[in-house]
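S.K.: Below is the structure I would like to discuss, written out as structure tokens.
No value in this document is a laboratory result; all are computed from the given coordinates. Every value quoted in this text rests on a predicted model; they were computed, and no experiment measured them. Positions of Cβ are generated from backbone atoms using ideal geometry, with glycine treated the same way; all protein chains shown enter the neighbour counts.
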Amino acid sequence: MPSQLDFSQWADELRQAVIKRSAIAQLSSRAQLDIPAAYQIQHALMNSYINAGDHLVGAKLGLTSEAKMQQVGVNQPIFGYLVASMQRQSHHVLKRSDFIHPRAEPEIAFRLGYKEVAGLFIEAIAPCLLYTSPSPRDATLSRMP
């Protein structure tokens, strides 16, 4: 298992890859990582954004369908956090050169009435979400420039 120092080093490597928009080898190809270790790396990465003056603006759930969880070998959804520098406003033009491996997938976003996300626990929110649906009226699909 990687040491605490490795978590910070890997977080720094991930942050530099984002800044330089350069691909790096998957961390899991270099060490045996479990879910708690991955979250520790994520925590160190979020701290590096905040220490650089960024701030938390939201949270993200992933692998929310049973089929997707089975496909990748996990038994619960994963979660992460978003900082202001990751946020894009409506009608923001995305450029292919802004990304390392550009791809798109449909997402559903919930705007919650909380100003602070750091203490927010996904387990506390998930039972409140009985039904969700994307809004096709507002959805547009276009090729990235």
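S.K.: Taking amide H atoms as placed 1.01 Å from N in the peptide plane, list the residues 5 or more away in sequence, or in a different chain, whose amide H sits under 5 Å from that of ILE78.
M.R.: Sorted by chain and number, the residues that satisfy this are GLY62, LEU63.
S.K.: Taking 0.36 nm per residue of sequence separation and subtracting the Cα-Cα distance, how much length would be gained by fully extending the chain between GLN70 and ASP12, in nm to one decimal?
M.R.: So the chain would gain 17.8 nm between GLN70 and ASP12.
S.K.: Still on this structure, I have one more. So for the pair SER29, ASN47, with labels modelled 7 Å out along Cα→Cβ, what separation do we get in nm?
M.R.: If labels sit at SER29 and ASN47, their model points lie 2.8 nm apart.
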